[in-house]
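The values are calculated or read from the model by the stated rules, or taken from the named source; none is laboratory data. Every value quoted in this text rests on a predicted model; they were computed, and no experiment measured them. Please note: Cβ atoms are built from the backbone with ideal geometry, for glycine as well, and neighbour counts cover all protein chains shown.
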Amino acid sequence: MTGPAPAPSPVIELGELTLTFDGQPIAHVHADGRTESVSHGGPGDPMIPGPTFHADGTISNPRGEQNLRVAPGGEIHLLSASSDEVVAHVTSDTLTFMSNPSEPIRLDGDVLLLPGGADRNRVVGATTPGLRRTMLVVTAVYYFLGS
């Protein structure tokens, strides 16, 4: 007799993560997958609820127009009622947008490096490769879905 099949590895590792800008929190991911971020005013503004991350790779947008899904291989799909488009690829260190593959976003230690060398963002809590990848997915989510 065989036992139950082992649970699949999560596509998105969930945990407590914070993204800061000049030391001010601008986004949080909670261990249950809920996210929140500052409104478009910037650091110091109140946090508002954002998309919800699920371990299976789905990302639910509270506004519902579009959603994202991360495939096990790192492809990020933008989903709408009529399309499924691969828009980015993520690893534990790099987020590459298909529209501009020559300028990836990188995670170097706790520094989120944006194209052009901007290095004012820091990541708190990304202690595993999976959590590092999750923080880069957060960056893609806010790029494609907004806050």
### Among (1) more than 12 Å from the chain's Cα centre (by Cα); (2) within 14 Å of residue 142 (Cα to Cα) - the single one residue 95 does not satisfy
(1)
### Task
List every residue pair whose Cβ atoms lie under 7 Å apart, where the two residues are 6 or more positions apart in sequence or sit on different chains, the first residue falls within the stretch 133-147 and is within 16 Å of residue 108 (Cα to Cα), and the second residue, located anywhere, is surrounded by fewer than 18 Cβ atoms within 10 Å (Cβ to Cβ).
133/91; 133/92
## Note on the structure
Of (1) surrounded by fewer than 18 Cβ atoms within 10 Å (Cβ to Cβ); (2) outside any loop (DSSP other than H, G, I, E, B), residue 72 satisfies every one except (2)
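Please find, within the stretch 61-85, the residue that is farthest from residue 142 (Cα to Cα) out of those that are among the aliphatic types (A, V, I, L, M) and modelled with pLDDT of 95 or more.
Looking only at the stretch 61-85, we keep the residues that are among the aliphatic types (A, V, I, L, M), and these are 68, 70-71, 76, 78-79, 81.
In the following step, the residues that additionally are modelled with pLDDT of 95 or more were identified as 70-71, 76.
Values: 70: 14, 71: 18, 76: 13 Å.
If we take residues in the stretch 61-85 being among the aliphatic types (A, V, I, L, M) and modelled with pLDDT of 95 or more, then 71 is farthest from residue 142 (Cα to Cα).
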### Filter result for the condition that a residue is touching a strand residue (DSSP E or B) at 6+ places or on another chain (Cβ under 8 Å), at pLDDT 95 or above and basic (Lys, Arg), over 132, 120
132
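Hey, could you check the stretch 46-60 for residues that are of a type outside the set (Val, Ile, Thr) and assigned to a strand (DSSP E or B) and say which is modelled with the highest pLDDT?
Within the stretch 46-60, the subset of a type outside the set (Val, Ile, Thr) is 46-47, 49-51, 53-57, 60.
Remaining after also requiring assigned to a strand (DSSP E or B): 47, 49-51, 53, 60.
On the way: 47: 91, 49: 92, 50: 91, 51: 92, 53: 95, 60: 89.
So, considering only residues that are of a type outside the set (Val, Ile, Thr) and assigned to a strand (DSSP E or B), the one modelled with the highest pLDDT is 53.
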### Message
Checking residue 65 against (1) free of Cβ contacts under 8 Å to residues at least 40 places away in the same chain; (2) assigned to a strand (DSSP E or B), only one condition comes out false. Which one?
### Response
(2)
### Task
Just need a number here: residues in the stretch 115-147 that are outside any helix (DSSP H, G or I), of a type in the set (A, V, I, L, M) and surrounded by 14 or more Cβ atoms within 10 Å (Cβ to Cβ).
3
## Note on the structure
Of the conditions (1) under 17 Å from residue 139 (Cα atoms); (2) surrounded by 11 or more Cβ atoms within 10 Å (Cβ to Cβ), the single one that residue 40 does not satisfy is (2)
### Message
If a residue must be surrounded by 10 or more Cβ atoms within 10 Å (Cβ to Cβ) and either free of Cβ contacts under 8 Å to residues at least 12 places away in the same chain or closer than 25 Å to residue 22 by Cβ (or both), how many such residues does the stretch 75-87 contain?
### Response
2
### Task
May I ask you to list the residues in the stretch 88-123 that are over 17 Å from residue 18 (Cβ atoms) and small (Gly, Ala, Ser)?
88, 92, 99, 102, 116, 117, 118
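Could you identify the single residue in 88, 27, 31 that is assigned to a strand (DSSP E or B), at pLDDT 95 or above and within 23 Å of residue 125 (Cβ to Cβ)? Quick ask: steps written out before the conclusion?
Values: 27 fails: at pLDDT 95 or above; 31 fails: assigned to a strand (DSSP E or B).
Checking each option against the conditions leaves just 88.
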